[in-house]
Amino acid sequence: MSVASNTAASPLAPDWLQVPADLNELQEPLWAGSVSRGADGGLTVGGVSVRELKEQFGTPLFVMDEADFRARARAFKDSFDAAFADICGGVDVYYAGKSFLCTAVVKWVEEEGLRLDTASGGELAVAARAGIAGSRVALHGNNKSDAEINRALDMGLGRIVVDSLDELVRVGDLAQARGAQAKVMLRLTPGVHAHTHEFIATAHEDQKFGLSMAADTTAEAGISAAEEAVAAAAAHPGIELLGLHCHIGSQIFEPDGFALAAEKLLRFLAAMQEKYSITMPELDLGGGYGIAYTPVDTPRPAAEIATAMAAVVRSTCAELGIDAPRISIEPGRAIVGSTTFTLYEVGTLKTVRVDAPAAGSDAGNNVTYPRRYVSVDGGMSDNARPVLYDADYSAVLASRTSGAAPQLSRVVGKHCESGDIVVRDVYLPEDVAAGDLLAVPGTGAYCWALSSNYNYLARPGVVAVRDGSARLIVRGETEEDLLNRDMGA
Ligand code: LLP
């Protein structure tokens, strides 16, 4: 068996991964608007260099571009408002707080004219602390506790999105007991499953969320759970039925799935309005708009998706002869995901040689190729997505530029687990060394939010950078924070 040299295009790399022409380049559209390379070659964000950030706040660190967050929030609001202006006077955009939530972000969301979608009592607590009006907040969850429902009622929430028949009755009863009416949306499963590049429509959704729209042939009246819920909501004195909701998935690029779900819900809404002589003034089409994690991801601008969705809502309402309900959406990832990169310091490096068929030859004629493992000072505790979803990311050398040759690398964390991968495949300069800083873009959504203390690592802080200054919006944990919860006996 022969030994191949460090060739640029490694046979170990996945087909989608190209060798970048320039390893120092920040490839579009992975980075927040203000990220660039400064005069010394190191990354800067909002006018602050990553080396300063490292010095002031340490690593690992989530670094968020505040202006970029605000711009993405505004882009959703403005483009959906414009596309739906003639249909329902605009769109209410609920930022999905589960993707990343802290009080600073709630304030930005409010200042940019958006609302807030929460999914637990804890997220409601953040909303309350941030001081957002309850009327601009929604609560989700497939298993809300009575305490969470009561908290929502105490805060005068604009909408509680009810997930099941059981819950509908509980929400109605709790509201009625206090002489109030809960504002309720019903979460339906329209049978549309969307993935990044495609969607499939099925008759029935085998999942925990929502009320099925498929007729239940075992039910006495042969009606769907969704219809049963509409009838029960309309009849319950503790419920003001605002309308219907669906959320078809996450990290979706094409608008077709959203459009089909909208059409299905509108047809159902029209049928229910007629059958039960009610009006449902609201339709929430959920979130799920995709972002770029690697250069091969091609998300659509918000305006393009808005236009496609508006066309279907317009034509379906016209065909059904109904007034369009007020539309709302719940983007999380597409607002916060690309605003943030994670800054890590490089530690241990090692190169292994892996067997693979020699380029252009038949299997059996194997050659070994190098794969370099670049260990960083975080890992699956600050980004669980590669482990959970096989998610791909990208990375660049952040503290300097390099003219060295590209080397296929795997960025890994420091946890006691071989699956602890941060970036599975990326070309980094051959001369990356301990003490260098790496930046992994696209970590604004579902990274800090999903972070853990595995191996007693303290969870990193989140820094917001704007106009040449950086401030912690969530401080990182200390060892003391971790030890404080250990009762010692
Ligand atoms: N609305 C509802 C009802 C949702 O369940 C979700 C996300 C959203 C809105 C926001 O979706 P987005 O626009 O962020 O895609 N942890 C997974 C994603 C879970 C999404 C859960 N629901 C990940 O890291 O990919």
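Across the range 279-306, the qualifying residues are those that are in contact with a Ser or Thr (Cβ under 8 Å, 6 or more places away or on another chain) and more than 16 Å from the ligand (Cβ to nearest atom), and the one among them that is nearest to residue 73 (Cα to Cα) is 303. Screening residue 325 against (1) more than 15 Å from the ligand (Cβ to nearest atom); (2) buried (at least 16 other Cβ atoms within 10 Å of the Cβ); (3) outside the structural domain of residue 190 (by TED's automatic domain parsing) leaves a single unmet condition, (3).
Among the residues of the range 232-239, at least one is out of contact with any Phe, Trp or Tyr (no Cβ under 9 Å at 6 or more places or on another chain), assigned to a strand (DSSP E or B) and away from the ligand (no atom under 16 Å from the Cβ). So which of 318, 310, 292 ends up being over 30 Å from residue 391 (Cβ atoms) and crowded, with 20+ Cβ neighbours inside 10 Å? Only one candidate qualifies: 310. Annotation note: Cβ proximity below 6 Å between a residue of the range 280-298 that is more than 30 Å from residue 268 (Cβ to Cβ) and a residue that is of a type in the set (Phe, Trp, Tyr) and open to solvent by 10 Å² or more (accessible area, probe 1.4 Å) (sequence gap 6+ or interchain) occurs for 296/16.
State yes or no: is residue 116 surrounded by 21 or more Cβ atoms within 10 Å (Cβ to Cβ), aliphatic (A, V, I, L, M), without any contact (Cβ under 8 Å) to a residue 60 or more places away in the chain and not in a helix (DSSP H, G or I)? When the stated conditions are applied, residue 116 passes them.
Pairing each residue of the range 169-188 that is closer than 25 Å to residue 264 by Cα and in a helix (DSSP H, G or I) with any residue that is of a type in the set (Asp, Glu) and modelled with pLDDT of 95 or more, provided the two are 6+ apart or on different chains, yields no C-beta distance under 7 Å. When residues in the range 190-202 are screened for being closer than 12 Å to residue 264 by Cβ and of a type in the set (A, V, I, L, M), 2 of them pass.
Counting only strands (runs of 3 or more DSSP E) wholly contained in the range 256-363, the ones carrying 2 or more residues that are modelled with pLDDT under 95 occupy 340-357. Of the residues examined, residue 153 is not one that is of a type in the set (A, V, I, L, M), surrounded by 19 or more Cβ atoms within 10 Å (Cβ to Cβ) and within 16 Å of the ligand (Cβ to nearest atom).
Of the residues making up the range 78-107, those that are buried (at least 21 other Cβ atoms within 10 Å of the Cβ) and either among the acidic types (Asp, Glu) or part of a helix (DSSP H, G or I) (or both) are 80, 83, 84, 88, 92, 105, 106. For the range 437-489, a tally of residues being acidic (Asp, Glu) and under 19 Å from the mean Cα position of the chain (by Cα) returns 0.
Among residues of the range 156-196 being open to solvent by less than 60 Å² (accessible area, probe 1.4 Å) and of a type in the set (S, T, N, Q), the one that is farthest from the chain's Cα centre (by Cα) is 164. Highlighted here are the strands (runs of 3 or more DSSP E) found entirely within the range 374-489 that include at least 1 residues which are hydroxyl-bearing (Ser, Thr, Tyr), away from the ligand (no atom under 16 Å from the Cβ) and modelled with pLDDT of 95 or more: 406-412, 421-429, 469-474. Listed by first and then second residue, the pairs with beta-carbon distance under 7 Å, at least 6 apart or on different chains, first residue in the range 192-207 and closer than 17 Å to residue 245 by Cα and assigned by TED's automatic domain parsing to the domain that holds residue 226, second modelled with pLDDT under 75 and not in a strand (DSSP E or B), are 193/202.
The values are calculated or read from the model by the stated rules, or taken from the named source; none is laboratory data. Computed from a predicted model, the values in this text were never measured in an experiment. We place every Cβ from the backbone using ideal geometry, glycine too, and count neighbours over all the protein chains shown. The protein model used for the area step is the full one, side chains on, heavy atoms only, and it has no ligands, DNA or RNA in it. Shrake-Rupley method; radii C 1.70, N 1.55, O 1.52, S 1.80 Å.
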